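The next block holds one structure in the form of C-alpha cells; read it before the comments.
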Amino acid sequence: MVEIEARKFKLRSFRKGDEASVTRYANNLKIYRMTLALPFPYTLKDAREWIMLNQAEQHRKRPGMASFAIDVGGEAVGCVGMSDIEVHKGEIGYWLAEEFWGQGITTQALRLATRYGFNELGLRRLFANVFTFNKASKRVLEKAGYMYEGCLRKNEIKDGRLLDTLVYSKIR
C-alpha cells in the first residue's frame, strides 16, 4: 500500500470504505465534462468496481495501472493515476472534487504521482490527453512540468461528439 504525504493532502492507495466519498465527489457534471473516462451519473456501483480494480492491480508484479486517492481529512476527494502502463510509458490522468479546486492540490498531486511513476515504476515517459476546452487542466500540466506536444484531431468521442485532445508529456 502506497502513501505519499503532502502539505494539504496525501496520496494513498484506494481502500474499502472509499466508495461513498468517491461516489459523492465524482458524481459531478463539471468533472464529467472535463474527463475522458468518468461516467455520469457516477454511482456507488462505479466506485465499488473502481476500488476493486485498483486493489487487484496493486497485487500484480507489473501493474497496468497505478492510481491514488487524493485524501483530504481521511476522505478520497479525487484521484491521480497512470493507466495503459507499458514497459517505459503510461498515460496520466486526474480529477479533484470541485470544492478543492484552486488550491494547488491537483498540480502537487500530479507532481507526486509523476515522481512515483518515474522512480518506483521505472517509467521514462508520461503523457496526458486533455480536451482543448479544458484550460484548467492544461495549466495544471504546464505547472507540473509537462510539455505541450500537439493536437490530436477528433481523437475522443464524448457524448456522441468527436473531440480534439491536446497531448502533454513529461520525459525522464
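The numbers here are math on the coordinates, done by the rules we state, and not lab data. From a predicted model like this one, the values you see are computed outputs, not experimental measurements. All Cβ positions, even for glycine, are placed from backbone atoms using ideal geometry, and neighbour counts span all protein chains on display.
Structure data summary
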read-out	value
The chain: most fluctuating residue of Leu110, Leu162, Leu96 per GNM, C-alpha cutoff 10 Å	Leu162
Stretch in the chain that is longest and holds no GluC sites (Glu not before Pro) that DSSP places in a loop and that have at most 12 other beta carbons within 10 Å	1-85
Potential extension, Ala37-Val2 segment - 0.36 nm per residue separation minus Cα distance	10.2 nm
Whole-Hz couplings from phi, Karplus 6.51/-1.76/1.60, listed for the range 158-165; x for Gly and Pro	9, 6, x, 10, 7, 10, 7, 10
Span from the the range 97-172 Cα centroid across to the the range 45-77 one, whole angstrom	19
Highest-MSF residue in the chain out of Ser137, Ser83, Ser67 [GNM, Cα springs under 10 Å]	Ser83
Unit charges on C-beta of K, R, D, E only; dipole of the range 71-172, Debye	520
Exposure proxy ranking, count of Cβ atoms within 10 Å, fewest first, for Arg62, Arg125	Arg62, Arg125
The chain: Rg to Rh, with Rh as the Kirkwood radius over Cα pairs	0.93
Within the range 44-120, trypsin sites (Lys or Arg not before Pro) in DSSP loop having at most 16 other beta-carbon neighbours inside 10 Å	Arg60, Lys61
